[in-house]
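The values are calculated or read from the model by the stated rules, or taken from the named source; none is laboratory data. Given the structure is predicted, the values throughout are model-derived calculations rather than measurements. Here the Cβ positions follow ideal geometry from the backbone for every residue, glycine too, while neighbour counts run over all protein chains shown.
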Ligand SMILES: Cc1ncc(COP(=O)(O)O)c(C=O)c1O
């Protein structure tokens, strides 16, 4: 039985979009492919309001490839890794695995990372890159990336700011040039509401220049090769997942129709409703003022059995997510991203109320 996914990725994908995968295949070295791919890039540029100083690209991979791209192609010597959850921690460890030095700015899970703390660390002058997670999916925390971007640009213009917005982009307002970041990326199975298998990345010209200067960039992780190939051929350097690109093309049409602001407002309405529900019965795990607009992480103060809840929800064709890793059963997470709307969220929460006997 189909369960409607209220987990923070993969999220629900409509049949219309899924069917876009059923196109007959085309060769990836043909004009037809270049037309499809260029169309997608232009739609991304338009939706994310990218100025000429940024490049857009799509990789056939999940979003994690971009941890390696940053580690191999962007970090020269040493990165400051802002860590306040499982994914931001993994970003840092990946950079270490790429053979670069890392210093962690660790903040307790559930708390946000503020620009003051980053500025203090950067004042040592030893970092060439900063990494941060826009939307920490493990804790439901939204880091203040616009504020951080402003500070980094003004005070440390040569330090590259690389942002994991894997579960934030599209649902949350994500305008790379307003954030003033150098790299920002997302996976398609989150707020793009597509099957997993593609990642979207935006790269500033400054970051591309940096990459040209970094040795041992690898092959699949070589950002210069990825971006230059598009400039020269309007194609990807290796065989891409063509069926998924058809779904992305269709999704971009729908997003452009709804507009960046419209999509954000829809997510904000879902987040506010879910947060209000959570505060009425439980407690939010995220620090006040820094709650994610795409996933709500609820502190399970009533010690309800989340695993059992999901069994009952499955009968009603819904699925939510337990807490991440060490936070399982201590927290649970409701993903409100992608194709979901307020009516759908209200329906799902009504079912949870009924199953758990929560008073109105
Ligand atoms: C914030 C964040 N970063 C990284 C990842 C890993 O992404 P992927 O599984 O697409 O590689 C996830 C997945 O949930 C995530 O939420």
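Screening residue 296 with (1) outside the structural domain of residue 58 (by TED's automatic domain parsing); (2) assigned to a helix (DSSP H, G or I); (3) surrounded by 15 or more Cβ atoms within 10 Å (Cβ to Cβ) gives one miss only, at (2). Would it be correct to say that residue 130 is modelled with pLDDT of 95 or more, assigned to a helix (DSSP H, G or I) and closer than 18 Å to residue 182 by Cβ? For residue 130, the condition - modelled with pLDDT of 95 or more, assigned to a helix (DSSP H, G or I) and closer than 18 Å to residue 182 by Cβ - is not met. Selection within the stretch 90-136: residues that are touching a residue at least 60 places away in the same chain (Cβ under 8 Å) and touching a strand residue (DSSP E or B) at 6+ places or on another chain (Cβ under 6 Å). The member of this set that is farthest from the ligand (Cβ to nearest atom) is 112.
For residue 263, the conditions (1) under 23 Å from residue 329 (Cα atoms); (2) part of a helix (DSSP H, G or I); (3) in contact (Cβ under 8 Å) with a residue 60 or more places away in the chain are fulfilled apart from (1). Among the residues making up the stretch 149-192, those that are within 14 Å of the ligand (Cβ to nearest atom) and in a loop (DSSP other than H, G, I, E, B) are 165, 166, 167, 168, 170, 171, 174, 188, 189, 190, 191, 192. Checked against (1) within 16 Å of the ligand (Cβ to nearest atom); (2) assigned to a loop (DSSP other than H, G, I, E, B); (3) within 16 Å of residue 227 (Cα to Cα), residue 52 passes all but condition (1).
For the stretch 229-259, a residue qualifies if it is in contact with a helix residue (DSSP H, G or I) (Cβ under 6 Å, 6 or more places away or on another chain), surrounded by fewer than 19 Cβ atoms within 10 Å (Cβ to Cβ) and in a helix (DSSP H, G or I), and the qualifying residues are 243, 249, 250, 256. Condition first: in a strand (DSSP E or B) and not assigned by TED's automatic domain parsing to the domain that holds residue 140. Can you find one or more residues in the stretch 339-358 that meet it? Looking through the stretch 339-358, none of the residues is in a strand (DSSP E or B) and not assigned by TED's automatic domain parsing to the domain that holds residue 140. Per this entry, residue 32 is not counted among residues that are at negative phi, within 16 Å of the ligand (Cβ to nearest atom) and free of Cβ contacts under 8 Å to residues at least 40 places away in the same chain. Yes or no: the stretch 195-209 includes at least one residue that is under 22 Å from residue 86 (Cα atoms), at pLDDT 95 or above, within 16 Å of the ligand (Cβ to nearest atom) and not in a strand (DSSP E or B). For the stretch 195-209, residues under 22 Å from residue 86 (Cα atoms), at pLDDT 95 or above, within 16 Å of the ligand (Cβ to nearest atom) and not in a strand (DSSP E or B): present.
No other residue among 46, 62 is more than 26 Å from residue 159 (Cβ to Cβ), outside any helix (DSSP H, G or I) and in contact (Cβ under 8 Å) with a residue 24 or more places away in the chain apart from 62. Counting the residues of the stretch 287-296 that are over 16 Å from residue 172 (Cα atoms) and touching a strand residue (DSSP E or B) at 6+ places or on another chain (Cβ under 7 Å) gives 1.
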